[in-house]
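Undergrad: Pasting a structure here, questions to come.
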Amino acid sequence: MKNIVLARVDDRLIHGEVVSVWTPSLNVNRIIVVDDEVAADKFNKRVIKALAPNGVKVNVYGTEKGADILQRDSKDPNERVMILTKTITYDRMADMGLKLSDVNLGGMGLRGERTPFIKNVACSPDEITSIKNLRAKGVHVYYQLVPEQQVIEVDGYLNE
């Protein structure tokens, strides 16, 4: 399996916080974006790749291919992977066999059926169910906007 140093949910995917804070603080050298819509859009994929920090390889996959790729061993023993998704796709990927210890909730804005959940995170009822499913599978799910901020556990917010 890949050496996953961060699995993050963030609507913005690659943006300032990811480029200037998360990537250097975790010594990330590969970002894997898992999103069915972005993977199907050649222009959007080019934009995402162009936003990456220098020296960081970026791949964009749909959910099924992303889960498969992430389960493969790295060819580079020094590879440090950050996974980025726009939604809580990790529940589906876990059902496909991807083993994760942690999922970080970053910026998830209000849209569609999403309502405020915690800090900068809004979730739809389906996303709350996905978080609960991940927790039931033993995955630590937490909110942390940037590494310098305190981790906020989501468990206390799930039944509110």
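The values are calculated or read from the model by the stated rules, or taken from the named source; none is laboratory data. If you're wondering where the values come from, they're calculated on a predicted model, not measured in any experiment. Cβ: placed from backbone, ideal geometry, glycine included. Neighbour counts: every protein chain shown. The protein model used for the area step is the full one, side chains on, heavy atoms only, and it has no ligands, DNA or RNA in it. Shrake-Rupley method; radii C 1.70, N 1.55, O 1.52, S 1.80 Å.
Undergrad: Name the single residue that is surrounded by the fewest Cβ atoms within 10 Å (Cβ to Cβ) among those in the stretch 64-89 being of a type in the set (Ser, Thr, Tyr) and within 20 Å of Pro53 (Cβ to Cβ).
TA: Ser74
Undergrad: Tell me whether the stretch 27-36 contains one or more residues that are modelled with pLDDT under 95, closer than 21 Å to Asp126 by Cα and open to solvent by less than 60 Å² (accessible area, probe 1.4 Å).
TA: no
Undergrad: Test Leu84 against the stated conditions and say whether it is part of a loop (DSSP other than H, G, I, E, B), in contact (Cβ under 8 Å) with a residue 12 or more places away in the chain and under 15 Å from the mean Cα position of the chain (by Cα). If you could, list the steps in order and put the result at the bottom.
TA: On the way: part of a loop (DSSP other than H, G, I, E, B): no; in contact (Cβ under 8 Å) with a residue 12 or more places away in the chain: yes; under 15 Å from the mean Cα position of the chain (by Cα): yes.
It is false that Leu84 is part of a loop (DSSP other than H, G, I, E, B), in contact (Cβ under 8 Å) with a residue 12 or more places away in the chain and under 15 Å from the mean Cα position of the chain (by Cα).
Undergrad: Please tell me if Pro116 is out of contact with any helix residue (DSSP H, G or I) (no Cβ under 8 Å at 6 or more places or on another chain), closer than 23 Å to Val146 by Cβ and part of a strand (DSSP E or B).
TA: Yes; evaluated as a whole, the condition is true for this residue.
Undergrad: Take the residues in the stretch 90-101 that are within 13 Å of Lys65 (Cβ to Cβ) and either at pLDDT below 95 or not in a loop (DSSP other than H, G, I, E, B) (or both), then tell me which one is least open to solvent (accessible area, probe 1.4 Å).
TA: Residue satisfying both the conditions and the ranking: Met93.
Undergrad: Just to verify a result, which residue in the stretch 115-160, among those that are modelled with pLDDT of 95 or more and in contact with a Cys (Cβ under 9 Å, 6 or more places away or on another chain), is least open to solvent (accessible area, probe 1.4 Å)?
TA: Here the answer is Ile131.
Undergrad: For the stretch 102-113, name all the residues that are open to solvent by less than 10 Å² (accessible area, probe 1.4 Å) and assigned to a strand (DSSP E or B).
TA: Selection gives Val103, Asn104, Leu105, Met108.
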